[in-house]
Every structure is written in C-alpha cells, then in structure tokens.
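Notes follow the structure.
Computed from the coordinates by the stated procedures, all read-outs in this text should not be read as laboratory data. Treat the numbers as computed from the prediction; the structure is a model and nothing was measured. Cβ sites come from the backbone with ideal geometry, for glycine too, and all protein chains shown count toward neighbours.
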Amino acid sequence: MSEQHSPGTDPMVGEVRFKVPLPILIPLAALVVIALVTIGMSRVLLAIPPEAATTVAIAASANVLIAAAILAHRKRMGSTSLIEMGVIVLYPIVIGIVIALLGIGGGEEHAGADEAPPAQAGPVAAGGTLSAETLQFSSGAIELVAGEESELTLDNADSAPHNVWIYETAQDADDLNDDATLFQGEDVGPGESATYTISALDKGEFPFLCRIHPAMRGVVTVE
Ligand SMILES: [Cu+2]
C-alpha cells in the first residue's frame, strides 16, 4: 500500500502527500505500537515478582504520561517529536524485556510456578507415575497400549495408604465387585512408592479406583 515511499521514515508522512494510505497506515502503525507495548509490558510484568509488578506498571505509565506532557508543551508536533515519543515509550519496555530474558528479579521463581501442579496432570501413560495426595489421584486418566504388559508407578504423597484397582465395567467399580477386577494393585503406604506391573489388557475403557478410598477413581483407556 506504500510503494511510492517508505512512509515510516519519510518526514513528509504527516503532510498531504499520501491522502489514500494514511487512514490505513496510521491505524496499522498504532496497532503495531499497541501490540508491542502490550506484549512487552506483559512480558515484563509477568517476569518480575507480583509486588514489584505494580510499581513497574505505574512507573511505565508515568513515564508515558510525562513524555506526552512534555511533547504537548512544544509549539509544533513534528514527526521528530513523534519518533522521540515512540522511543521514550519503548525504551523501558526494551530494557524490561532484556531483564525478563536474563531472568533477573524473580523470573526463575515465576518459571517454577508455571509448571502444572500434580492435581492438574494429564493422562498417565504406561511407565508413568500416578501420584496420590489429599485423597486424590493426580490424574483421572491412565492410557495403556492394548496387548502389552505395562508398568505404572503409584507415588503416595498422602498420609493414608492407597492402591490402584482396575475393574471390568463401571458397574463393577460402582458395586466394588472384586470378582470383576482386571488388576489389583498392592497397598502403598504413606510417603511410599511402588511400581505395579499390569498384565496385557484388551482394548476398552476400564474404571480404576483406590480400593481403600473408592471415591478416588478414574478411567484406564486401552487402545
Ligand atoms: Cu486410597
């Protein structure tokens, strides 16, 4: 849309020369600047400790307001002033991004918080670990491969013993019909961990639960 000139650097961009592109260029440029500021600012604020984030946000806002006020007091708002304004707005963000990338100011601490806690873990695959804590399994889904013997580790971080039993049908699980189990894992004591070997299963979906606490349950999907 701007083959004639490079409008970003042309000091005449604010004049009458480009009547057609300007209505498009100005919003586009504004969008780019807004996107840069938003992404940069959020990057900065996320990387620093929450207590400091408020201060930094206020300081950055004050910086922009002061810069705008100074420029507003000038007699003429030329394109040079606009560039100055842009630099003033962007430089703390650039500095912030550098700080964020270097991990200064609690960045590492925050990265740790990004890791999913056990309670929200995804499906546990064969060879994986299911944990138990506060009378809950870390996942309600176990995924195994049909016709293959699988290992499953039960890591008990709780103060009560737990186990994993797999039932043939949901009804059997609801009824705690122990004659219709596909697997009965041994009890794992508080703070202990055990690796079960589950013999090959056919394709299907089978409920599993802790036989001691039947409310702790999920589904084994065999595919
Ligand atoms: Cu249990």
### Query
Residue by residue, what Karplus-based ³J(HN,Hα) values in Hz, rounded to whole numbers, does segment 24-36 have, using 6.51, -1.76 and 1.60 with θ = phi - 60° and x for Gly and Pro?
8, 5, 4, x, 5, 4, 4, 4, 4, 5, 4, 4, 4
### Summary
The answer for the net charge of residues other than THR181 whose Cβ lies under 12 angstrom from its Cβ, with Lys and Arg +1 and Asp and Glu -1, is -4
### Ascending count of other beta-carbon atoms within 10 Å, so fewest first, for ARG74, ARG217, ARG43
ARG74, ARG43, ARG217
